[in-house]
Each structure stands twice: as C-alpha cells, then as structure tokens.
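Have a look at the structure below before the remarks.
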Amino acid sequence: PPDCDSDPSASRTILDRIEVSSTVSEKRDKILCFMMTHDGSHRTKVTTVLETWGSKCDGWLIASNTTDEALGTTAMQTPAEYTKLWMKLNETVHLIASQFLDDYDWFFKVDDDTFVIMENLWHFLSIKKKDQEIPQIFGYLLTDQFWRDQRVYFDIESNKGFGNYFLSHVRNESDHVDYLAGGSGYIMNRVYLRKLIVALESNLTLYGKVPEDMAHGATMLAHGIQPGNSRDKAGREYFIPESPALWNVRHQVRIRTGVIPSNQQCCAYYTVSFHHLSPWMMQYLHDQFYLCRTV
C-alpha cells in the first residue's frame, strides 16, 4: 500500500501546493516522450518511469546502449557515456525525425530520474502553445551563469569557429546564459524538431564532448531560435530541476536573499516535473499525487 503519511526531507511543503489538472481534453496533442539512458538503469529508473508517469505518454523512444524488448529500449551507436550525451541526442533526434515525426505533435526529452505529471504537461501546452508553424520549446531556463563560463567548450578546436561567431554575433561573454536544463525535461513541437535537425546538419553547431543542454541551447540560439516563456503569470516555474525537498531549500534561500518576494510560491500550481529522483522517490510522488489524495 502507498505510504501516504511519510514526508521525506519535508517534500510535502512543496507537493501539497501542487494540483493535478483534471481538464485534459480528449482532443489533446500527442506527445512522444524520449530519454537517453543505459542498461545499468533499465531495471531501476527506467522501469519505475514506465510503471508510473511514463505509462501516460502517447509513445516512447528509450535510447540506450542495448536493446531490451521487454522495456522497449533501442540500442544506439553513441556510447553510453555522460560526456557524449550531446552526440547521443543528435543520434536520437535524427531517429525520431526519421520514424516518428508525423505521428506526434510534441517531443518531450526527459532524463531517467525525472518525474512528470503528464496531465499538467497537457494543461501547460494548452496555455502556452501558439501556431504550430512556429518553432516552440519549453523547459527550465538556466540563467545563473554567464556565457563566458562556457568558453572552455567554445575553445575546443572543433568549436572555435562556432564560439567566435556565437560570442560576436549572438551573445556577449558577459550575458547570462539562456538555455534550457536537460534534466527537468524540455518539450518541442514538430517545427522546432525539424529546425533542430537542420541546425545539427549545418556548419553552425557544436561538436564533441560538450554538455548536452548547453550545446543544444547555444546551437539553436545561433540559428535564431529561443526558448519560450516556461513560467506562469506569477513567474513561478513549471519544470523543476531538483527534487521537491532541494527545490524548497533553494526557494527559501531566494526569499532570504531578496531574489524573489517573500510571498511568492515555490512553483506553478500545475507544476509539470521534478528531477534528480531515486526510483523510490518517483514512486512516492506517484502515490502522493494519484493514490493518497481524496476528492
């Protein structure tokens, strides 16, 4: 039975402020969920995702290093190494574009330690989406570093041309970064995915062992495409890049340091996702949102 009374690391402070949307339309857009993982996580994280929130995706592509027919994982050529996630994303989105592009409206990239409230994701899209001919991508926007901090990746021999162009025509070194965190998930429409493929196949892209989310964001910024506004009207986040407990700690620090007003809530009423979760914590969130609440 679900453990409805436990409160690991004071997570309920966050969870009790979040609702699960009950207004999902039968005519809702179709979402292909995809993740990049490895066989060491198949029976733990991946299994837990598929047994909880992942069962609500309209389709899945699980890019791994081995094919597991029971779980539906697909073996990729790119090695299952953290430093090669950008290359693995390149391979994964090319596979999606070749096999699934016309079957889905949105393509949602998550990590294998991400928990998602799918009903809230559809609610979010119903508010945020525009003309489907406009490229759109949403997620948690990173802003706490500077583009000069990425210079180490721009100075790699294969990336010097990109780096020189980016820092002279797209962003200044003193500008705050403005790309989406990969872990809490980012969701793109079909037009965006097409443009991502074009960007990856051009000469204006990053190469090699670079952080996946930074490389993705910088490449698309260089092609004139920015992330959409992924907050609610009160400035609260939908996509949370940490666990509920850690996000609450960071929220309180922001209040004490005056970064946000003391009365601002931690996150959107219909929060979409959390990141950096153990399989146990993913199961706990599933139980809290779907089994422990009474009408």
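The values are calculated or read from the model by the stated rules, or taken from the named source; none is laboratory data. Remember, it's a predicted structure, so these values are computed and weren't measured experimentally. Reconstructed Cβ throughout: ideal geometry from the backbone, glycine too, with neighbour counts over all protein chains shown. The accessibility values were calculated without ligands, DNA or RNA, using every heavy atom of the protein model including side chains. Shrake-Rupley method; radii C 1.70, N 1.55, O 1.52, S 1.80 Å.
Can you grab the distance from the C-alpha centre of segment 43-66 to the C-alpha centre of segment 275-295, Å, no decimals?
Here the answer is 16 Å between Cα centres.
Looking at the chain, what % of its DSSP beta bridges pair antiparallel, to the nearest 5? Provide the component values of the computation, followed by the final result.
Values: 13 of 27 bridges.
The answer is about 50 percent antiparallel.
Put T219, T66 in order of accessible area, largest first, 1.4 Å probe: what do you get? Mind showing how you got there, number by number?
Values: T219 0, T66 50 Å².
Ranked list, largest accessible area first: T66, T219.
About its Cα centre, how strong a charge dipole does the chain have in debye, to the nearest 20, once Lys and Arg get +1 and Asp and Glu get -1 at the Cβ?
Working: 29 positive and 37 negative charges, 159 e Å.
With Lys and Arg at +1 and Asp and Glu at -1, about 760 debye.
First compute the accessible area of the chain with a 1.4 Å probe, then give the percent of it belonging to carbon and sulfur atoms.
Working: 6600 of 13710 Å².
Its accessible area is 48 percent carbon and sulfur atoms.
If you build the Cα gyration tensor of segment 193-295 and take the root of 5 times each eigenvalue, what three semi-axes come out, in whole angstrom, biggest first?
Working: eigenvalues 210, 74, 40 Å².
After diagonalising the Cα gyration tensor, the semi-axes are 32, 19, 14 Å.
Given H placed on each backbone N at 1.01 Å, which residues far from L142 in sequence or on other chains put an amide H within less than 5 Å of it?
Y179, L180, A181
Pairs K84/K195; K84/K109; K45/K128: which exceed 24 Å Cα-Cα?
On the way: K84/K195 22 Å; K84/K109 16 Å; K45/K128 30 Å.
In this structure, K45/K128 lie more than 24 Å apart at Cα.
Would you calculate the convex hull of the Cα atoms in segment 38-149 and tell me its volume per residue in Å³?
Numbers: hull volume 16.7 nm³, N = 112.
Enclosed volume per residue, from the Cα hull, is 149 Å³.
Using the Karplus curve 6.51 cos²θ - 1.76 cosθ + 1.60 with θ = phi - 60°, work out ³J(HN,Hα) for each residue of segment 23-28 in order, rounded to whole Hz, and write x for Gly and Pro.
10, 5, 7, 5, 9, 4
Quick one: Cα convex hull volume of segment 101-189, Å³ per residue?
Details: hull volume 14.1 nm³, N = 89.
In segment 101-189, the Cα convex hull volume per residue is 159 Å³.
If you compute semi-axes √(5λ) of the Cα gyration tensor in Å for the structure shown, which of (i) 30, 24, 19; (ii) 39, 19, 18; (iii) 31, 25, 16 do you land on?
Among (i) 30, 24, 19; (ii) 39, 19, 18; (iii) 31, 25, 16, the one calculated here is (i).
For segment 65-74, what does the Karplus curve 6.51 cos²θ - 1.76 cosθ + 1.60, with θ = phi - 60°, yield as ³J(HN,Hα) per residue in whole Hz, taken in order and with x for Gly and Pro?
With coefficients 6.51, -1.76 and 1.60, one gets 9, 9, 8, 10, 5, 5, 9, x, 7, 10 Hz.
Find the centroid of the Cα atoms in segment 109-126 and in segment 225-245, then give the distance between the two in whole Å.
12 Å
Quick check on the chain: helices-only [θ] at 222 nm, where DSSP H runs of length 4 and up contribute -39,500 (n - 2.57) each and the sum goes over total residues. Nearest 500, please. Mind dumping the intermediate values first?
Numbers: 10 runs with 92 residues, N = 295.
One gets -9000 deg cm²/dmol as the mean residue ellipticity at 222 nm.
With every protein chain kept in the model, how would you rank D131, D111 by accessible area, 1.4 Å probe, largest at the top? Display every interim value, and only then the final one.
Working: D131 90, D111 40 Å².
Accessible-area ranking of D131, D111, largest first: D131, D111.
Would you mind working out the accessible area per residue for segment 1-115, using a 1.4 Å probe, and quoting it in Å²?
On the way: 5450 Å² over 115 residues.
That works out to 47 Å² per residue.
Springs between alpha-carbon pairs under 10 angstrom, Gaussian network model over the chain: which of S273, S21, S174 fluctuates most?
Answer for the Gaussian network model of the chain: S174.
Once you sort the root eigenvalues of the Cα gyration tensor of segment 160-212 as a ≥ b ≥ c, which label holds: rounded (a/c under 1.5), prolate (a/b larger than b/c) or oblate (the other case)?
On the way: a/c = 1.76, a/b = 1.28, b/c = 1.37.
In terms of gyration-tensor shape, oblate.
Rounded, prolate or oblate for segment 79-142? Axes are the square roots of the Cα gyration tensor eigenvalues, ordered a ≥ b ≥ c, and the cut-off for rounded is a/c under 1.5. Present the calculation step by step, with values, prior to reporting the outcome.
Working: a/c = 2.01, a/b = 1.37, b/c = 1.47.
Taking the square roots of the gyration eigenvalues as a ≥ b ≥ c, segment 79-142 is oblate.
Please report the antiparallel percentage of the DSSP beta bridges confined to segment 30-126, to the nearest 5. Walk me through the numbers before you get to the answer.
Working: 1 of 14 bridges.
DSSP beta bridges in segment 30-126 are roughly 5 percent antiparallel.
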